[in-house]
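One structure is given below, encoded as structure tokens.
The values are calculated or read from the model by the stated rules, or taken from the named source; none is laboratory data. Note that the structure is predicted; figures quoted are calculated from it, not measured. Note that each Cβ is placed from the backbone with ideal geometry, even for glycine, and that neighbours are counted across all protein chains shown. In case anyone asks, the SASA skips ligands and DNA or RNA and just uses the protein heavy atoms, side chains included. Shrake-Rupley method; radii C 1.70, N 1.55, O 1.52, S 1.80 Å.
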Amino acid sequence: MTLTERDARNIWHPYTQQMGALHPVPIIRAEGCYLYDEHDKRIIDAVSSWWVILHGHSHPYIVARVTAQLKKLDQVIFAGFTHEPAIELAENLLALLPDAQEKVFYSDNGSTAVEVALKMCLQYWYNQGIPRRKVLAFRKGYHGDTFGAMSVSGRSAWTAPFDTLLFEVIFIDTPTPKNLASVKALISGCAEEIACFIYEPLVQGSAGMLMYNAEDLDQLMAHCRAEGILMIQDEVFTGFGRTGKNFAADHLEEQPDLMCFSKGLTGGTMPLGITTCTSGIYEAFLSEDKMKTLFHGHSFTANPLACTAALASIELLKKEDTQHAIERICKQHGTFLQKISLHPKVREVRQTGTILAIEWETGDRSSYFSQLRDQLYLYFLEHGILMRPLGNVIYILPPYCMSNEDLAEVYERIEGALDFFSSNI
Ligand SMILES: *Cc1c(COP(=O)(O)O)cnc(C)c1O
């Protein structure tokens, strides 16, 4: 049996309607921004393998560090024990974050980082005997697939089977100069019930790479601060250089109370989640009363291999070469944006740092477009490029090692797709 047949017999894939699903492509190895299939066909990974790869696949430095760590300490319980990779990672990450972030809590992935942040906020109020039970979130936000993370994400086809079980959230639109006053008024009307505000800063990835301004977010954050609402900045996607700066926080004046990280945290090599918080949050759990403990932890909390991968990746991120590569990608994207925005089939092009999104003009054919999305996916794949359009939005999210030549190939193929499919609609 082929790998594909054996896969079909035993495996259920994520975000996939298995009925009539395209056969998944077996990948044998990967290097830099290339994936290689069974026949050694090369595929350019233009979406960083679901937004996680930073410096390229199987980066030799990360591989060497993780290999050495594996021989030394593989895993150890993190309650009652600690280890150097976790300590060093906390020190290194906190040094890069806004000053107020003072404690690191480890978990396994983006969703768990969000769950931890939500529990910290809700229990922060509970511990002080001032119960605030509601959460403020953006209508089109995405924060993960576990129940708490789903609750604070926008309601959609993804959450529909569970909607009646999700907890109560006050949804607002992302801020614009036009709606800021009304959004602020809405918040002030129920501020005393709101435990926290959770948001994807600057870019809402899963909603289709929607983007909004730092100045408007700053104003919204200042308002939440004034109303005593804790702020959870979900940088699971935007963290580690994607926005052109190390963190979306580096574009903002205001500071959050908590931050969530995953995806690029380990350079994409291993699963790891981190929730950071201020000393104010941390201190609300310090008590003689054991009931005020944060009763949360995962079996693999602060896995030493994952922490080591993150340390190596952050070291690479800080290198001048990497920072230049990020600047280079931002510039290349900017030039392509100018060019492609004139295409008659393009409704809008958006860019924040290394994230470039192209929204297709769909007219009133949005249902038709969902089929086209699958055709587009295949079109790119047949041309040796991994892209995963979100509805009518095509985006490029390259690992920072992607060369100008490979970027140019991806841009050209996007232009080719626009022409091919617009003449075929
Ligand atoms: C992907 C994502 C998550 C969830 O992370 P997982 O590791 O997939 O659970 C949370 N928040 C944001 C902003 C994300 O993009």
- prompt: To the nearest 10 square angstrom, what accessible area does residue 50 show with a 1.4 Å probe?
  reply: 110
- line: Residues whose built amide H sits under 5 Å from the amide H of residue 172, excluding neighbours closer than 5 in sequence, are 137, 138, 139
- request: In whole Hz, with x marking every Gly and Pro, tabulate ³J(HN,Hα) for the stretch 311-328 from phi via Karplus 6.51 cos²θ - 1.76 cosθ + 1.60, θ = phi - 60°.
  value: 4, 5, 5, 5, 4, 5, 4, 6, 4, 4, 4, 5, 4, 5, 4, 5, 4, 4
task: Give the peptides 25-32, 270-277 in descending order of average Cβ contacts within 10 Å, highest first.
output: 270-277, 25-32
statement: Distance in nm between residue 211 and residue 87 label points, each 7 Å along Cα→Cβ, equals 4.2
The stretch 82-89 - phi-based ³J(HN,Hα) in whole Hz, Karplus 6.51/-1.76/1.60, Gly and Pro as x: 8, 7, 4, x, 5, 5, 5, 5
statement: Straight-line reach check, residue 119, cutoff 24 Å on alpha carbons, 8 or more apart in-chain or any other chain, hits among lysines -> 103, 134, 140, 263, 290, 292
- prompt: If r is the Cβ-Cβ distance from residue 226 to residue 335 and R0 is 56 Å, what FRET efficiency results, to the nearest 0.05?
  reply: 0.85
- request: Would you calculate a helix-derived [θ] at 222 nm for the chain, using -39,500 (n - 2.57) for each DSSP H run of n ≥ 4 and dividing by the full residue count, to the nearest 500?
  value: -12000 deg cm²/dmol
By accessible area with a 1.4 Å probe, ligands and nucleic acids excluded, highest first: order of 47, 52: 52, 47
query: Which peptide among 101-108, 239-246 comes first, and what is the full order, when sorted by highest mean count of other Cβ atoms within 10 Å?
result: 239-246, 101-108
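By per-residue mean of other Cβ atoms within 10 Å, what is the highest-first order of 164-170, 231-237, 146-152, 394-400?
The most tightly packed comes first, giving 231-237, 394-400, 146-152, 164-170.
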- request: Would you pull out the residues with amide H under 5 Å of residue 390's amide H, same chain only if 5 or more places away, H placed 1.01 Å from N?
  value: 395
field: Between the stretch 265-315 and the stretch 208-227, the Cα center-to-center distance that results, in Å
entry: 26
query: R0 = 30 Å: FRET efficiency of residue 8 with residue 347, Cβ-based, nearest 0.05?
result: 0.20
query: With r defined as the distance between the Cβ atoms of residue 25 and residue 167 and R0 fixed at 41 Å, what FRET efficiency is calculated, to the nearest 0.05?
result: 0.60
- prompt: Could you give me the ³J(HN,Hα) list for the stretch 104-112, computed from phi with Karplus coefficients 6.51, -1.76, 1.60 and θ = phi - 60°, whole Hz, x at Gly and Pro?
  reply: 10, 10, 8, 8, 9, 7, x, 4, 5
query: Using modelled amide H (1.01 Å from N, peptide plane; none on Pro or chain starts), what sits under 5 Å from the amide H of residue 107, excluding residues fewer than 5 places away?
result: 273, 274, 275, 302
message: Return the unpartnered cysteines for the chain, using a Cβ-Cβ cut-off of under 4.7 Å.
response: 33, 190, 224, 260, 277, 307, 330, 401
field: Gap separating the Cα centres of the stretch 377-402 and the stretch 80-157, nearest whole Å
entry: 30
query: So for 292, 178, what's the accessible-area order with a 1.4 Å probe, most first?
result: 178, 292
